[in-house]
Amino acid sequence: MKKIILASGSPRRKMLLEWAEIDFEVMVSDADESFDEGLAPELVAMQIASKKNQAVADQISDSLDDFILIAADTIVVLNGEIIGKPENRDHAIGILKKLSGKTHEVITAVEIKSPKKTETFFDRTQVAFHDIEDAQIEHYVDQYKPYDKAGAYAIQEWIGVIGIKNIQGDFYNVMGLPVSWVVQMLKQSFS
């Protein structure tokens, strides 16, 4: 069996693969996360996931035959606009105020790559927020500092517990990895 490498420093993605009892290592990707303007959101996520895998593949190029790489990228989309990671406290508060009381989409793209094959796919989840009070948003940003999170929140943290009205789709996709699809793809195409 080839060694599986998660091309991500995300503690959430690492945890989800551990929960799935997949034997893997982590190599943090230092990929540039810029993207081509005008691409559909799912293509943006796929492009960035591919860049993350390529950055790790470049680090291990001599022994790539021995590995399966997994990279993912999660984006939040509101009314067709990609909402990235917040730059600072005020930006995070502004993003959450924008999401408050509305339904947005979370798209996670995954690329699984071996020397002979590359599979790329994405999943979408609709997330509806209740109206969230400004004081609650400020409390969340100050306590949880969601600066490394697309959309300035993590569904599994306090804001998700008090703020989410409902979701349609895969909860784990919102956490950053549609892990059941990863498991299926590894079984079907990489075993």
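Assorted remarks:
- Region 69-80, residues that are in a strand (DSSP E or B) and either touching a Phe, Trp or Tyr at 6+ places or on another chain (Cβ under 6 Å) or closer than 20 Å to THR125 by Cα (or both): ALA71, ALA72, ASP73, THR74, ILE75, VAL76, VAL77, LEU78
- Counting only helices (runs of 4 or more DSSP H) wholly contained in region 81-191, the ones carrying 1 or more residues that are under 21 Å from LEU43 (Cβ atoms) occupy 171-175, 179-189.
- Verdict on ASP62 being surrounded by fewer than 16 Cβ atoms within 10 Å (Cβ to Cβ) and either modelled with pLDDT under 95 or in a loop (DSSP other than H, G, I, E, B) (or both): yes
- The residues of region 1-37 that are among the acidic types (Asp, Glu), under 19 Å from ALA55 (Cα atoms) and over 16 Å from the mean Cα position of the chain (by Cα), listed by number, are GLU25, ASP36.
- Within region 146-158, considering residues that are in contact (Cβ under 8 Å) with a residue 40 or more places away in the chain and surrounded by fewer than 20 Cβ atoms within 10 Å (Cβ to Cβ), the one farthest from GLU87 (Cα to Cα): GLN156
- Residue match in region 163-185 (condition: surrounded by fewer than 18 Cβ atoms within 10 Å (Cβ to Cβ), under 22 Å from ASP131 (Cα atoms) and either modelled with pLDDT under 95 or of a type in the set (Val, Ile, Thr) (or both)): yes
- Condition check for GLU37: modelled with pLDDT under 95, farther than 19 Å from PHE190 by Cα and surrounded by fewer than 13 Cβ atoms within 10 Å (Cβ to Cβ): yes
- Being among the polar types (S, T, N, Q) and assigned to a helix (DSSP H, G or I) is a condition met by no residue of region 18-34.
Residue-wise test of (1) closer than 20 Å to MET175 by Cα; (2) without any contact (Cβ under 8 Å) to a residue 24 or more places away in the chain.
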residue: LYS2; (1), (2): no, no
residue: SER8; (1), (2): yes, no
residue: MET15; (1), (2): yes, yes
residue: ALA20; (1), (2): yes, no
residue: PHE35; (1), (2): no, yes
residue: GLY38; (1), (2): no, yes
residue: PRO41; (1), (2): yes, no
residue: ALA45; (1), (2): yes, no
residue: ALA49; (1), (2): yes, no
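- Residue in region 34-48 that is of a type in the set (A, V, I, L, M), on the phi < 0 side of the Ramachandran plot and touching a Leu at 6+ places or on another chain (Cβ under 8 Å) present: no
- The lone exception for ARG89 - which of (1) surrounded by fewer than 23 Cβ atoms within 10 Å (Cβ to Cβ); (2) more than 19 Å from GLU157 (Cβ to Cβ); (3) in contact (Cβ under 8 Å) with a residue 24 or more places away in the chain; (4) not polar (S, T, N, Q) it fails: (2)
The values are calculated or read from the model by the stated rules, or taken from the named source; none is laboratory data. If you're wondering where the values come from, they're calculated on a predicted model, not measured in any experiment. Please note: Cβ atoms are built from the backbone with ideal geometry, for glycine as well, and neighbour counts cover all protein chains shown.
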